[in-house]
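Participant: The structure's right below; bear with me while I get my questions together.
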C-alpha cells in the first residue's frame, strides 16, 4: 500500500515537473531522468514521430550513454501498447533498449520512450511497468504543449526574419532607386550578396538582345565562361543547388557549376520573362542556402533588374536627348549653308527645294553668280548623319566658295578644280566619309559639268528627250589622286536641268517600293513645258502621292534650272 502511495506521489510530482515548462528539451530530459531514476535503468531514449510518416521517428533526447544520438532517424513498427524484451524492435534492442512505451496524444502516437535494462539485471515488475505507462501518459500532453510552443516560437522567429528581410528589401529598394547607371546597380547587388549571404564568389549573367547571356558582373570568377557554357546555363528555368539531390540539374550544368566554383543557380525574371541568371558560390559559414534565402534572392534579383533596366532607360533617354540636340545643331548648320536668295541671270530660271527628313543626312546645294551671264550650280550628298555630316558639308561649302574665285566663267577648268576639291576632302575627313558631288557652270547656250559619283542629273529637252549627265569620275573623299572628265551639253530655250539627291529616287511607299528613276524621267518629260517653279511643284506632289504618308528616310533636295529667253 505504501508502495502504491509512493508511486502515485511520484507520478503527481513528475506531472507537476513536466508541465512546469514549455521547453521541449526540458520536458524530454526530465521525463527520462524521472523514468530512469525510479526504474533504476541506466539508458533511455525519446523518439518523436515525423509528421510525413507514421513509422518514421527521430531521436529527440538520449541519456545514459545510448548509442543513438539526437537527430538520428529510425523506421519502426509502432506498438499498440507497452512492449518488453524480444517484442521491442530489433533496431532498439541492438542499442540495449528493452522496454518500449508509445506516447499517445488524442489517439495518435506522437513518440516513443525506450528504456534500457535495470541496473540489477532483473526484469521489470508489473508495478514498475504500470508506473512507466502512467508517467509516459501524463507526459504526452506536456510534450504536445511543448511542441506547439516550439512551433509558435519558430513561427515568431520566421516572422521576425521575414520582417527583417522586408525591411532589408525596402532599404535596398531605396538604395537601388538611387543607382543611376548599370554599374552602380551591379555593384550594390554584389555588395549585398557578400554582406547578406557571405558568398565566397558570385556572377551576374544578363540577357543581351533578349537571347544571349553575358557576364555583367562577377567576383571570384577565375575561369572565363565561354559561349558553350552560356548556352548551357541559358536553359535553366528554376533555382537549383548542387547539394539538393531532389532537384536534378540539366545535363552538364552540375559539372559546369562545380568547375566554376558555384553551388547555386537562380534565374532572374521580370514579368515572367527570363532576363538573366545569378550564380553563387558556397557560403563562408558552409551552410546551404535555405528556401527563404532563395525567396530573398529572387526579390533581390528583381530589384536589381528593375534598377538596371531603369538605368538603361535613363541612359537611353540621355543619349536620345544628346542626339536630338546634335541633330538640331546639325540642321541649323545645314540651313545656314544653303543659299537664302538665288542669284538672277537673264534667260535662266532657277528654283530649288530642300525637304528635311527626320534625320540630318547632309544634303547640300548651292547657286553662285560668276558674272552677269554665268551661274555655278552644285549639289551634293554627304555620307553619314548628324553633326559629322553637317561639318563635312560646311568644309565642302568653304572649299567650293574658295575655288569659285579661280574659275573662268567662259572656259572653266572644272576637272582640275574637282581634283583640288577631292584632295581637300581626302585630307580633312576620315576614310569612312565621302561625298557624292555634281557641279557645273551654266549660261543660256551651254552647260559644262563634272559628276563625282552623284545621281546623274537630268537634261530635259524642250522636245521631250531626257538625258543623264554622268561624265566625271569617282566620288569625293575616297582616293586623293583621281582624274575627272568634264561633260558639256548645248542648251536651247525650253531645256531644263534637274539636279536631285537620292531622297527623291529612293522615296518609298507603304509597299516598300522605291519612286525610282524611270518614274522621275517620265514625270519630267510629261511636264517639260512647265516653268521651273511649276515643275518643282509637280515633282514634289508626285513624290508625296507616291509615298502615301510614309515619312522620308532621307533629305529631298532638288535644283531646277530652265532656259528661257534673254529677257526672262
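Where a number appears in this text, it was derived from the coordinates with a stated rule and is not lab data. Note that the structure is a prediction, hence the values are computed from the model and not measured. Don't worry about glycine lacking a Cβ; one is built from the backbone with ideal geometry, like all the others, and counts go over all protein chains shown.
Participant: Write down the Å³ per residue value for the convex hull defined by the alpha carbon atoms of the stretch 1-145. Could you put the intermediate results ahead of the total?
Facilitator: Details: hull volume 15.1 nm³, N = 145.
It comes to 104 Å³ per residue, whole-number rounded.
Participant: Continuing with this model, one more query. When 43, 336, 540 are ordered from fewest to most other Cβ atoms inside 10 Å of their Cβ, what list results? Display every interim value, and only then the final one.
Facilitator: Values: 43 21, 336 11, 540 15.
Exposure proxy ranking, most exposed first: 336, 540, 43.
Participant: Starting from the Cα-Cα distance between residue 529 and residue 154, subtract it from 0.36 nm times their residue separation and give me the gain in nm to one decimal. Numbers along the way, then the final one.
Facilitator: Details: separation 375, 0.36 × 375 = 135.00 nm, distance 9.65 nm.
The span from residue 529 to residue 154 would gain 125.4 nm if fully extended.
Participant: Give me the one-decimal nm value for the distance between modelled label points at residue 53 and residue 416, 7 Å along each residue's Cα-to-Cβ direction.
Facilitator: Using points 7 Å along Cα→Cβ, the separation is 10.4 nm.
Participant: Per residue Cα convex hull volume for the stretch 82-217, in cubic angstrom?
Facilitator: Numbers: hull volume 32.9 nm³, N = 136.
It comes to 242 Å³ per residue, whole-number rounded.
Participant: Also: Can you give the helix-only mean residue ellipticity at 222 nm for the chain, where every DSSP H stretch with n ≥ 4 adds -39500 (n - 2.57) and the sum goes over all residues, rounded to the nearest 500 deg cm²/dmol? All intermediate terms of the calculation are to be shown ahead of the outcome.
Facilitator: Working: 13 runs with 231 residues, N = 568.
Per the formula, -13500 deg cm²/dmol.
Participant: Beyond 38 Å, what share of the Cα-Cα pairs of the chain is found? Please give it as a whole percent. Numbers along the way, then the final one.
Facilitator: On the way: 99756 of 161028 pairs.
That tail contains 62 percent of the Cα-Cα pairs.
Participant: What full-extension length gain, to one decimal in nm, is calculated for residue 20 and residue 471 as 0.36 nm per residue of separation minus the Cα-Cα distance?
Facilitator: Working: separation 451, 0.36 × 451 = 162.36 nm, distance 11.15 nm.
Working it through step by step, the gained length comes to 151.2 nm.
Participant: How high is the FRET efficiency from residue 259 to residue 90, r the C-beta distance, R0 60 Å, rounded to 0.05? Display every interim value, and only then the final one.
Facilitator: On the way: r = 45 Å, r/R0 = 0.76.
So the FRET efficiency works out to roughly 0.85.
Participant: I need 69, 433, 218, 332 ordered by Cβ neighbour count within 10 Å, fewest first.
Facilitator: Working: 69 9, 433 20, 218 17, 332 12.
Listed from fewest to most nearby Cβ atoms, that is 69, 332, 218, 433.
Participant: Moving on to the next point. What Kirkwood hydrodynamic radius do you get for the stretch 354-460 when you take the inverse of the mean 1/r over all pairs of distinct Cα atoms, in Å? Before the final figure, lay out the partial values.
Facilitator: On the way: mean 1/r = 0.0693 Å⁻¹.
Here the Kirkwood hydrodynamic radius works out to 14.4 Å.
Participant: Residue separation times 0.36 nm, minus the C-alpha to C-alpha distance between residue 430 and residue 541: what's the value? Could you put the intermediate results ahead of the total?
Facilitator: Details: separation 111, 0.36 × 111 = 39.96 nm, distance 3.79 nm.
Extending this stretch completely gives an extra 36.2 nm.
Participant: If you don't mind, another one. I need the semi-axes of the equivalent ellipsoid of the stretch 78-133: take the C-alpha gyration tensor, multiply each eigenvalue by 5, square-root it, list largest first in whole angstrom. Can you show the working numbers first?
Facilitator: Details: eigenvalues 75, 40, 13 Å².
Its equivalent ellipsoid spans semi-axes of 19, 14, 8 Å.
Participant: Okay, next question. Arranged by the count of other C-beta atoms within 10 angstrom, fewest first, what order do 443, 372 take? Walk me through the numbers on the way to the answer.
Facilitator: Working: 443 20, 372 9.
Sorted ascending by nearby Cβ count, the order is 372, 443.
Participant: In bins 5 Å wide, starting from 0, what share of all Cα pairs of the stretch 338-563 does each bin hold, as a percent?
Facilitator: Calculated over all Cα pairs of the stretch 338-563, the distribution is 1, 7, 15, 19, 21, 17, 12, 6, 2, 0 percent.
Participant: Given contacts defined as C-alpha pairs under 8 Å and at least six residues apart, what's the relative contact order of the chain, whole-number percent?
Facilitator: Numbers: 1013 pairs, mean separation 53.5, N = 568.
Value for the chain: 9 percent.
Participant: For labels at residue 110 and residue 180 in the simple 7 Å Cα→Cβ model, what's the distance in nm?
Facilitator: According to this spin-label approximation, the distance is 6.1 nm.
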